[in-house]
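Data block below; observations after.
The values are calculated or read from the model by the stated rules, or taken from the named source; none is laboratory data. These numbers were taken from a predicted model, which means no experiment stands behind them.
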Amino acid sequence: MLSQEADVDKRATSIVLSLLKPAPVPFQHTVGSSGKRYVVEPMTAGLALFDYDGDGLIDIYFLNGAPLPGSPVVNPPPTNRLYRNLGGWRFVDVTESARVGDTGYGLGVVAGDVDNDGDQDIYVSNFAKDVFYINNADGTFTEAAGVCGLEDGGRFGAGVCMLDIDNDGNLDIYCANYQYFSFDKHFQQTIGDYQYHPGPHDFPPADDLLFRSLGDGTFTDVSATSGIASNQLLVWGLSLQILTAMELPIS
């Protein structure tokens, strides 16, 4: 009996030690904290798992934070990172060569074939201006949010998904937003001597955005006509199952 328990303990220890080994992807996330406890700091980022180069292996795109007002200047600044899968749990950082090192405060990301050319494009939901990367099918991407009509107005992004809202075969984009917050509206939250971050009820909820694909790589904002803009709810993350069940008047 003791021998069996010892074997179990030995196997458990082996598993724990294997988990403590250096990760195959040396990514480090930053929250950009300055000690002022802005509402954006506790919000986690995200990542996208997708095959960006069509080699049949799943690559990883990590979102990163950014220095917030009052925090030390970091040079070079933290960026999102793209790691190409080489197989066998080996990855290589291709962020610079792929041109996807956004320096914004990333909070949500989705990948999908927006322009129907057979490769995966990337939309990043940021605190402030979002970015949209078109896959050039040569290992590089081009940022094209403005060109494609995906201007989000610099909102407090909280998640994003791609879906076909009108069954026309083109992926549309839903951008969830959290609060109307800017640094000049920040205030200290305290309980006794303890300072903490503002929460979901300390700033008004922001309206979400819905962009309908025109089928040529560009989009039009149908947030108002679909009724999405009038639903000012605190949103953090999205459920595609709910969205695809909705009937949206998008004319």
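Computed quantities for the displayed model
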quantity: Checklist (1) of a type outside the set (A, V, I, L, M); (2) within 30 Å of Ala111 (Cα to Cα); (3) modelled with pLDDT under 85 applied to Ser3, failing item; calculated: (2)
quantity: Segments classed as strands (runs of 3 or more DSSP E), wholly inside region 35-111, with at least 1 members that are under 19 Å from Glu143 (Cα atoms) and among the small types (Gly, Ala, Ser); calculated: 47-50
